[in-house]
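What follows is one structure encoded as structure tokens, with my remarks underneath.
The values are calculated or read from the model by the stated rules, or taken from the named source; none is laboratory data. These numbers were taken from a predicted model, which means no experiment stands behind them. Cβ atoms come from the backbone with ideal geometry, glycine included; neighbour counts cover every protein chain shown.
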């Protein structure tokens, strides 16, 4: 016989007719669910949304973290070279990018103030003569800032948080030491200038059979726009901020937050040049000076740097030579719409439109005067190193040559020549910046 048992369900009410506490808690999720469902069914979805979005855990999920404005680290300077060849070296440390800018602004306030005045005075010279004749001094400056401000509006959505925070810190540091003529907008405007400018430039990467063993790279900056940059050359060492970024060296000038020549502690360097024979130019993208800086900050090899560049929302037409100490050498022609890569030892001749570049083993080159540079590469092949690259620079640098940098990517040492008031940078003395000078 099958035995059947019956066990009555325990009442959720106590002897006084009140719901037991444990059962009240157990039913709470059910009641909430039924309530929300009824609210939705009765057209009160807005109420339901507010209940959900105001839940503490949900609110925390949707909160935007506040930028870190805790001041940390320090800035200090030393110099290399002497006399007219002296180059200021600025070291920056901090646990956030705001501090990098702030510490620089406080330390170099007067130098930055003078550099900005020279740069914007130079930019005023680009106003068409007939228009300039009708403008007061103040009117010229307002025109410059208006044009650069419109350009910045196009660029701003594509600038990385690191750069925005550094520039904000720079403005705060300048303000805190009494500089009233350089606000954040002014800093933005100055760093928008390079994408308006024509930079002819040249570069070369050589290794293996082309050199005496090490990996060498050279960058010639040819810049016709007179902004007074040559008066205040500066090398900025951005020491590592986070565990996942690199120490980067910006070989430039006082006041310019962006980069046109640089290298990182992984032995990766970038040579840049303007390239107009390419389609797809715009200001609605990441400014070149910040793209280069970001690529070196987060790229650990030449292929990684090129990958960052490829994925970026880019602006105008540029050529890049990217090399590293592991003998990776990559050339890039890029604009907003195009991205073309080329490497050594893949063809006898590289052609792009009217540009025809004969190729030589273990060398990548391009520049302002391709014919002259090709002849120089052929002549010096097998011996390319510091002295022979300096010889090449003499043969290809135009009168607008503002800067020459020679990198030994194997050792980390580099040499810098800067233009003086007259003549070319290639004609001046090169100043060595050794790898151990990067250290804190």
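Can we say residue 427 is within 26 Å of residue 88 (Cα to Cα), under 27 Å from the mean Cα position of the chain (by Cα) and surrounded by fewer than 17 Cβ atoms within 10 Å (Cβ to Cβ)? Break it down stepwise before answering.
On the way: within 26 Å of residue 88 (Cα to Cα): yes; under 27 Å from the mean Cα position of the chain (by Cα): no; surrounded by fewer than 17 Cβ atoms within 10 Å (Cβ to Cβ): yes.
No, not satisfied.
State whether one or more residues within the stretch 394-410 are in contact with a helix residue (DSSP H, G or I) (Cβ under 8 Å, 6 or more places away or on another chain), loosely packed, with under 15 Cβ neighbours inside 10 Å and over 18 Å from residue 270 (Cα atoms). Break it down stepwise before answering.
Keep residues of the stretch 394-410 that are in contact with a helix residue (DSSP H, G or I) (Cβ under 8 Å, 6 or more places away or on another chain), which gives 394-397, 401-404, 406, 408.
Applying the additional criterion that residues be loosely packed, with under 15 Cβ neighbours inside 10 Å yields 394-395.
Pick out the ones that are also over 18 Å from residue 270 (Cα atoms) and you get 394-395.
Yes, there is a match, as at least one residue in the stretch 394-410 is in contact with a helix residue (DSSP H, G or I) (Cβ under 8 Å, 6 or more places away or on another chain), loosely packed, with under 15 Cβ neighbours inside 10 Å and over 18 Å from residue 270 (Cα atoms).
Going by what's in this entry, would residue 290 be described as within 25 Å of residue 151 (Cβ to Cβ), surrounded by 24 or more Cβ atoms within 10 Å (Cβ to Cβ) and either touching a residue at least 60 places away in the same chain (Cβ under 8 Å) or more than 16 Å from the chain's Cα centre (by Cα) (or both)?
Working: within 25 Å of residue 151 (Cβ to Cβ): yes; surrounded by 24 or more Cβ atoms within 10 Å (Cβ to Cβ): yes; either touching a residue at least 60 places away in the same chain (Cβ under 8 Å) or more than 16 Å from the chain's Cα centre (by Cα) (or both): yes.
Here the answer is yes, as residue 290 does meet what is asked.
Return the total of residues in the stretch 266-280 being buried (at least 18 other Cβ atoms within 10 Å of the Cβ) and outside any strand (DSSP E or B).
Let us first name the residues in the stretch 266-280 that are buried (at least 18 other Cβ atoms within 10 Å of the Cβ), namely 266-275, 278.
Of the ones still in play, those that are also outside any strand (DSSP E or B) are 266-267, 275, 278.
Of the residues in that region, 4 qualify.
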Test: residue 341 is surrounded by 15 or more Cβ atoms within 10 Å (Cβ to Cβ), at pLDDT 95 or above and over 22 Å from residue 212 (Cβ atoms): yes
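When the stretch 197-226 is examined, which residues are found to be in a loop (DSSP other than H, G, I, E, B), crowded, with 24+ Cβ neighbours inside 10 Å and modelled with pLDDT of 95 or more?
Going through the stretch 197-226, the residues in a loop (DSSP other than H, G, I, E, B) turn out to be 197-198, 200-201, 207, 212-215, 224-226.
Still in the running and crowded, with 24+ Cβ neighbours inside 10 Å: 201, 207, 215.
Of everything in the stretch 197-226, those that are in a loop (DSSP other than H, G, I, E, B), crowded, with 24+ Cβ neighbours inside 10 Å and modelled with pLDDT of 95 or more turn out to be 207, 215.
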Which members of the stretch 302-316 meet the condition of being touching a strand residue (DSSP E or B) at 6+ places or on another chain (Cβ under 7 Å) and buried (at least 18 other Cβ atoms within 10 Å of the Cβ)? 302, 305, 306, 309, 314
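Counting residues that are surrounded by fewer than 16 Cβ atoms within 10 Å (Cβ to Cβ) and modelled with pLDDT of 95 or more, which helices (runs of 4 or more DSSP H) fully inside the stretch 118-185 reach at least 3? Write out each step before concluding.
On the way: elements: 129-133, 137-155, 161-176.
Where helices (runs of 4 or more DSSP H) fall fully within the stretch 118-185 and carry at least 3 residues being surrounded by fewer than 16 Cβ atoms within 10 Å (Cβ to Cβ) and modelled with pLDDT of 95 or more, they are 137-155.
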Cross-chain or 6+ apart pairs with Cβ under 6 Å, the stretch 120-139 first and in the same structural domain as residue 190 (by TED's automatic domain parsing) and farther than 19 Å from residue 197 by Cβ, then surrounded by 15 or more Cβ atoms within 10 Å (Cβ to Cβ) and at pLDDT below 90: none
